[in-house]
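So the structure is just underneath, and the comments pick up after that.
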Amino acid sequence: MRPNSFRRAMIVMVAISLIGAVILVVAPTGAQDGDSERQLSPNTPVTGSLDAENFAESFIFEASEGNTISLTATTSAEGLSLALILTDPNGDVFASDGDLSTPQSASIPNLTLETDGTYIVTVLRGTGADGDAEGEYTLTLTGDI
C-alpha cells in the first residue's frame, strides 16, 4: 500500500469510528420519531445528499436474527467517496465499509444478522467532516427480511 493510500485509509477508519460514536447518540432519537422517509425497505432504493454541512445520513430497518442482508450506496459525483456503517439494535457497530479503492460506492454484502430489532444504516462521506466533496447518493437494502 502506498503511503498516501495508507494515510487515506486511516483517515476513513478514524472518521467511521468518530461518526459511529455520534450515531449512537443521535440516530436512535430519529428512529423513535418514526420518520418514514428514513425507513428502509428491501429492494426500494432511497436517495440522499452529502455535503460540507451534512456529511452523514442515517436510515433504519427492522430485521430478525438469521436474516441475510446486503447494503449498497453509490454516487456518480466525482470526488465524493462513500462509507457505510451498520449499527445493530444494541448500539454496536456491526459492519462497515470505508474502502477508498472504490470511492464512489460502499457495500456490505451478504451479512447474516445476529439480533432481532431495529438496525441503523449510516451513509457518510469517506472523508468525514473534512473536505468539501458533495453530491447525491443512492442506498439500497436487499435481502430476506
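The numbers here are math on the coordinates, done by the rules we state, and not lab data. These numbers come from a predicted model, not from an experiment.
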- [ ] Before anything else, pin down the relative contact order of the range 70-145: Cα pairs under 8 Å, at least 6 apart, normalised by residue count, whole percent.
- [x] 45
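For residue 129 and residue 53, compute 0.36 nm times the residue count separating them, minus their Cα-Cα distance, and round to one decimal in nm.
On the way: separation 76, 0.36 × 76 = 27.36 nm, distance 0.81 nm.
Here the segment from residue 129 to residue 53 would lengthen by 26.6 nm.
State the extension gain, in nm to one decimal, for the chain segment bounded by residue 138 and residue 41, taking 0.36 nm per residue of separation less the distance between their alpha-carbons. Numbers along the way, then the final one.
Numbers: separation 97, 0.36 × 97 = 34.92 nm, distance 1.33 nm.
Net length gain for the segment: 33.6 nm.
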